[in-house]
Amino acid sequence: MPRMLEVGDDVRAEIGDEEADRLLAGENAPGSYDCTSCRTPGDTEQERTSTVLFIGDETAVLAFAHASCLPSQIVQVSEEQLQGAVRSITGEDGSGPAGVPAPGPGEAAPDQAVLGVTSGLVLIEGELRPALVVEPTGAIARPGSEPGGDNFLQLLVEQGFTPVASLDGVPPVLHGWSVLLAAGQLHAVLQPGPDGGSPVAWWQAHHPLQVTEAWRTAANKLQTVLLFAAPVGSIGRQPREDLLRGALDKAAAHGRLVAAAMPLAGT
């Protein structure tokens, strides 16, 4: 029976017309599946379903998602990241929360700083909103600048992030960026690919990052995640969300916070 599948042009180009046609005809597509974004059941015979192709250095994995959760797209990740996604999707990943995440926005060498990422719910405009807080483990300087400088916030502003003076309102959407939540776990923050190509990882976890059920529920409800970023030493690893909010308020008041709103998946 034909499936209600959506196969994007970039996915079709990668897997080939023959394989894409077999999927659409129902030969190689599952009837039921667990959405790779929200992890709730889906049915390709009853509801619109997107094909999402994860591509690593040596491996490619085709996953399925509710079309309302993710559009059909290619997501480029590292081979290690892809293997982690496979383990989490198949239930073989027994790891806990991620440790220190992967290298940062590309301006810093790996031995200089990496980005730490904390998830939490932040109350803004009367609603609890899912947020990620990014803080490097050290200063991030612009390539070629004098040693000892920290250009982290300036570099992010140049990429479209907005300086935040208070948490009274929701920051603007940063178009082309997105947050990848696959198999109910946080995998990456994606940015537009070069020359308008497929999204690439700006940050990705060494291992899928656990988020709370409340965080995932809020993200699926709002289809938007807020990302806050601050220089090293501004936020710290806060054990409770109220302490995290207090640290964010303090960083904003001192002009040390930028933010953006991002959809759960880029287009």
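The values are calculated or read from the model by the stated rules, or taken from the named source; none is laboratory data. Predicted, not measured: the structure shown is a model, and the values here were computed from it. All Cβ positions, even for glycine, are placed from backbone atoms using ideal geometry, and neighbour counts span all protein chains on display.
At a glance:
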{"item": "Number of positions in region 141-153 that are assigned to a loop (DSSP other than H, G, I, E, B) and either touching a strand residue (DSSP E or B) at 6+ places or on another chain (Cβ under 6 Å) or of a type outside the set (D, E, K, R) (or both)", "result": "8"}
{"item": "Test result for G255, at positive phi and modelled with pLDDT of 90 or more", "result": "yes"}
{"item": "Candidates D111, D150, filtered to the one that is among the charged types (D, E, K, R), more than 30 Å from D10 (Cα to Cα) and at pLDDT 75 or above", "result": "D150"}
{"item": "Hits in region 5-30 - residues which are outside any helix (DSSP H, G or I) and more than 16 Å from A67 (Cβ to Cβ)", "result": "G16, G26, E27, N28"}
{"item": "Test: residue in region 134-150 that is in contact (Cβ under 8 Å) with a residue 40 or more places away in the chain and within 29 Å of V61 (Cβ to Cβ)", "result": "yes"}
{"item": "Yes/no for E80 being at pLDDT 75 or above and out of contact with any Asp or Glu (no Cβ under 8 Å at 6 or more places or on another chain)", "result": "no"}
{"item": "Filtered residues of region 8-67 (kept if polar (S, T, N, Q), under 23 Å from P263 (Cα atoms) and at pLDDT below 85)", "result": "T36, S37, T40"}
